[in-house]
1. How high is the relative contact order of the stretch 28-196, given as a whole-number percent (alpha carbon pairs under 8 Å, six or more residues apart)?
2. Can you give the log10 of the normalised intensity I(q)/I(0) at q = 0.15 Å⁻¹, computed with Debye over equal Cα scatterers of the stretch 28-196?
3. Which whole number of Å³ per residue matches the convex hull of the alpha-carbon atoms in the stretch 39-121?
4. Can you list the residues, at least 5 places off or on another chain, whose amide H is less than 5 Å from the amide H of Ser152, using H built in the peptide plane?
5. Please list, in order along the stretch 128-141, the HN-Hα scalar couplings obtained from phi with the Karplus expression 6.51 cos²θ - 1.76 cosθ + 1.60 (θ = phi - 60°), rounded to whole Hz, x for Gly and Pro.
6. Give the order of Asp181, Asp112 when sorted by the count of other beta carbons within 10 angstrom, beginning with the fewest.
7. Give me a comma-separated list of calculated 3J(HN,Hα) values for the stretch 58-64, in order, Karplus coefficients 6.51, -1.76, 1.60 applied at θ = phi - 60°, integers in Hz, x for any Gly or Pro.
8. Using the 10 angstrom Cβ neighbour count as an exposure proxy, how do Cys36, Cys173 rank, fewest first?
Amino acid sequence: MSGPVLDPAGGRQRPPVTDPAGGRQRPPVHGIVTVCRWLTRWLDLSARVIAVGAMGVMFTLLLLNVVLRYIFTTGIPMAYEIHAVLLPWLVAGGLVVAAAQNRNIAVTLLPDLVSPEFRRWIFIAVQVVLLIIAVAIVWTGQPILRASTFQSLSTLGVKQVWGYASLPYSFACVAVIALCDLLRLFLRDETLENGTAPTSLS
């Protein structure tokens, strides 16, 4: 059995953590790993709330519109335009949830054929590429946002920028999640290394 582990932050000695599954002892979780886990869970929760809220509002308005059409031969005019604002947020929420939970479509042929150490470096390369792409989309999407501030929906009377704002939100969250996963991989977070293998290579 190993002895206490030295805490690099305060110089104190902390006891090793026992893995309840295998009974073996593993080093304590690094503080950065804890922050990254918390941040990823928070982004996942926010995206879930946005996706569920957008879907709920769109479904309710469309259902009421259909009922009013058939019963009173009239409808809700805003129901025909609400999707222009809420549908992008529904897609953005699903994108962030998929990134946070590593549920993107994956091809795992190469990672399954290599050693665990080489597989970890593949995951690191994937997160670097994903981070670069997400930041590039947020940066290059600024002209679209500025242009959408001059466009309004005729019935709702709101600027279309409220729908396009889902673009920087979703890819900014993806960039943060990719950065967190990158740090966790460098710090050898076992929960991430064991959990990303089947689903994270999109």
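1. Values: 173 pairs, mean separation 53.2, N = 169.
Once normalised by length, the contact order is 31 percent.
2. Evaluating at q = 0.15 Å⁻¹ gives log10 I(q)/I(0) of -0.89.
3. Details: hull volume 9.3 nm³, N = 83.
Dividing the Cα hull volume of the stretch 39-121 by its residues yields 112 Å³.
4. When sequence neighbours closer than 5 places are left aside, the close amide H contacts are Gln160.
5. Per residue, the Karplus-derived 3J(HN,Hα) values read 5, 4, 4, 5, 5, 5, 5, 5, 5, 5, 4, 5, 6, x Hz.
6. Working: Asp181 25, Asp112 10.
Result, fewest neighbours first: Asp112, Asp181.
7. Rounded to whole hertz, the list is 5, 5, 5, 5, 5, 5, 4.
8. Values: Cys36 22, Cys173 25.
Lowest count first: Cys36, Cys173.
Every read-out reported here was derived from the displayed coordinates using simple, explicitly stated rules and does not represent laboratory data. Note that the structure is a prediction, hence the values are computed from the model and not measured. Here Cβ is always computed from backbone atoms with ideal geometry, including for glycine, and neighbour counts include all displayed protein chains.
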